[in-house]
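Presented below is the structure to which this report refers.
The values are calculated or read from the model by the stated rules, or taken from the named source; none is laboratory data. Everything numeric in this text was worked out from a predicted model, so none of it was measured. Cβ placement follows ideal geometry from the backbone for every residue including glycine, while neighbour counts extend to all protein chains displayed. To get the accessible areas, we keep the full protein, side chains included, count just its heavy atoms, and leave off ligands, DNA and RNA. Shrake-Rupley method; radii C 1.70, N 1.55, O 1.52, S 1.80 Å.
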Amino acid sequence: RRPRRSTLFPYTTLFRSTGLCFAASSSFWPLLIVAFVGTLNPSSGDVSVFLPLEQARLAEAAHGEARTSLFARYSLIGSLFAATGALAVGLPDLLVSMAGVSRLDALRTMFVLYGLVGCVVWLLYRRLPDAHGDETRKPAPLGPSRGIVVRLAFLFSVDSFAGGLAVNALLALWLFERFDLSLSAAGTFFFWTGLCSAFSQLAAPRLAKRIGLVNTMVFTHIPASLCLIAAAYVPDVRVALGLMIVRSLLSQMDVPARGAFVMSVVTPAERAAAASFTAVPRSLSSALGPSLGGALLAAGWMAAPLVACGVLKIGYDLALWRAFGKAAVGHD
């Protein structure tokens with residue numbers, strides 16, 4: 001009903017408000033309400049209110065193999081900034097030691113910074129044109145592609161729930177409890193894993209060109225899950241971190257392939273609806289995972305969230321490959 005650019009603007013207001021409300025609040029219940037309606041998520045990943053609209057715009061800008069490359073660059077830039085954000089978790093310690101502010105105020109400053117990033121995003125959205133030149137049809141609800149989108153949404157929900165069991169926030173807690181890692185050291189580690197994930201996505205288009213989009217998603221994901229399961233049991237912190245880095249080199253190569261695949265199996269008019277229909281169940285599923293993962297860690301089952309995450313993801317990969325491994329794509 002509305003141009004996609006103008007639809008994005010209200011969400012940047014929500015983006016800014018989320019950071020400022022977190023910085024200003026001290027009580028649990030107001031924070032919980034802001035967390036529920038706001039834009040923060042514990043994974044620092046691609047589950048957000050902006051994703052469906054952005055993916056639909058990207059799908060209109062390229063076709064065929066070029067679309068996978070465009071999605072790879074899109075994911076690369078996002079991953080690079082996520083890695084930089086992980087490195088920035090050392091800023092509160094610097095503020096405490098150099099500026100003499102309290103640790104609580106230093107942590108509040110990070111949420112103010114989050115709100116300022118929302119202002120930058122608003123300025124970037126203002127530079128977007130109202131529509132691409134090749135957009136010949138108005139967006140429409142799901143129609144001919146409803147069946148395949150529903151199946152993909154279900155599979156993606158399983159993957160997202162599994163990922164929620166071992167989001168970065170819980171992995172950081174696991175590293176703190178298991179190996180007594182410091183906050184700064186954990187931030188540095190997640191910075192490097194973020195860089196590995198970012199640049200590995202550049203290989204996705206070439207790999208997809210050789211073996212296909214679905215095979216790229218599956219055959220990079222399974223080894224990554226095996227590394228996560230192995231990391232849950234190794235006693236040496238260096239080996240565990242090494243396995244996590246190998247995982248990061250493989251686990252995100254499916255992101256551009258997944259986005260390109262969804263956009264290619266639906267009609268052009270259905271792309272925004274398909275992106276939303278697959279993103280919303282993923283968001284809901286990812287919200288359930290951290291609660292269960294945190295409960296398992298609190299119960300002292302340190303390896304359980306990582307193992308459950310790996311096993312569920314392998315099951316998702318095999319189901320996806322069986323359902324769509326030979327699927328033809330043609331809505332360019």
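A few remarks follow.
- Residue within the stretch 197-204 that is part of a loop (DSSP other than H, G, I, E, B), open to solvent by less than 40 Å² (accessible area, probe 1.4 Å) and within 25 Å of ARG282 (Cα to Cα) present: yes
- Put simply, of VAL239, VAL280 the only residue that is open to solvent by 10 Å² or more (accessible area, probe 1.4 Å), modelled with pLDDT of 90 or more, outside any loop (DSSP other than H, G, I, E, B) and over 22 Å from LYS326 (Cα atoms) is VAL239.
- Criterion (over 17 Å from SER197 (Cβ atoms), modelled with pLDDT of 85 or more, open to solvent by less than 70 Å² (accessible area, probe 1.4 Å) and not acidic (Asp, Glu)) met by exactly one of ARG67, ARG108, ARG103, ARG57: ARG108
- Yes/no for ALA153 being part of a helix (DSSP H, G or I) and out of contact with any Pro (no Cβ under 7 Å at 6 or more places or on another chain): no
- Options ILE211, ILE222, ILE245: the member that is at pLDDT 90 or above, of a type in the set (Val, Ile, Thr) and touching a Phe, Trp or Tyr at 6+ places or on another chain (Cβ under 8 Å): ILE245
- Options VAL255, VAL266, VAL246; residue that is touching a residue at least 24 places away in the same chain (Cβ under 8 Å) and either open to solvent by 30 Å² or more (accessible area, probe 1.4 Å) or in a helix (DSSP H, G or I) (or both): VAL255
- Within this structure, ALA131 passes the test of being under 30 Å from ALA273 (Cβ atoms), open to solvent by 20 Å² or more (accessible area, probe 1.4 Å), out of contact with any strand residue (DSSP E or B) (no Cβ under 8 Å at 6 or more places or on another chain) and modelled with pLDDT under 90.
- Scan of the stretch 171-219 for residues that are in contact with a Pro (Cβ under 6 Å, 6 or more places away or on another chain) and either small (Gly, Ala, Ser) or within 28 Å of LEU292 (Cα to Cα) (or both), ordered by number: ALA204
- Residue match in the stretch 166-179 (condition: acidic (Asp, Glu) and either closer than 17 Å to GLY259 by Cα or not in a helix (DSSP H, G or I) (or both)): no
- Scanning the stretch 184-202 for residues that are of a type outside the set (Val, Ile, Thr) and under 13 Å from MET244 (Cα atoms) yields ALA186, PHE189, PHE190, PHE191, TRP192, GLY194, LEU195, CYS196, SER197.
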